[in-house]
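Below is one structure; the comments refer to it alone.
The values are calculated or read from the model by the stated rules, or taken from the named source; none is laboratory data. As the structure is a prediction and not an experimental result, all values here were calculated from the model. Positions of Cβ are backbone-derived with ideal geometry, glycine not excepted, and every protein chain shown enters the neighbour counts.
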Amino acid sequence: MKIGVTGHQDIPARALEYVTHGIIEVLDGVKDEVVGVSSLAAGADQMFASLVLERGGRLEVILPSSGYETTFSRAEDLTNFRSLLSRATTVETLSFAEPAEEAYLAAGCRIVDLSEVLVAVWDGEPAKGKGGTGDIVEYAKRRGTRVEVVWPAGIARQ
């Protein structure tokens, strides 16, 4: 079963354990082989991809654009990105020349299009920029894709 991910890059420390267990619950509930679909952004995407691989699943990566690596501001996130990318079974780079909101929106929609289920690490708030988590959740709902929201009640992003 193909499971895509969308989610916040800035998950508060108080929410990390809840989010981790929520993703694991979704993944462990799948009886077939799990194929995770992700853009490997910092935060939720990388957490999801790591958990898919830890459980013996496969990883398919959708990169929003050429030069996507330049968007990582923390060295740790870039290192994780490169490590996860090297373990992907497929990598698709969209035709955008450089990272931009349009590219992020297109990548999120592509993830939904390829997935039977979308895990959304989402606080329920509207997207802060075009192609953000809220936009991708709305696209998935319009398309009829099952969305599993993973976020602890009462915890807001900063």
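Whether a residue is outside any loop (DSSP other than H, G, I, E, B) and of a type outside the set (D, E, K, R) was assessed, and A127 does not pass this test.
Looking across E69, E17, E25, one residue alone is at pLDDT 95 or above, of a type in the set (D, E) and under 21 Å from A107 (Cβ atoms). It is E69.
Residues that are closer than 21 Å to R14 by Cβ, out of contact with any strand residue (DSSP E or B) (no Cβ under 9 Å at 6 or more places or on another chain) and aliphatic (A, V, I, L, M) were ranked within region 120-158; the one that is surrounded by the fewest Cβ atoms within 10 Å (Cβ to Cβ) is A153. Scanning region 1-32 for residues that are under 13 Å from S115 (Cα atoms) and not β-branched (V, I, T), we see that the one that is surrounded by the fewest Cβ atoms within 10 Å (Cβ to Cβ) is M1.
So that you can scan it fast, the table gives a plain yes or no per residue for (1) touching a residue at least 12 places away in the same chain (Cβ under 8 Å); (2) farther than 19 Å from K2 by Cα; (3) acidic (D, E); (4) touching a Ser or Thr at 6+ places or on another chain (Cβ under 8 Å):
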| position | (1), (2), (3), (4) |
| --- | --- |
| I62 | yes, no, no, yes |
| T79 | no, yes, no, no |
| A88 | yes, no, no, no |
| T145 | yes, no, no, yes |
| E148 | yes, no, yes, no |
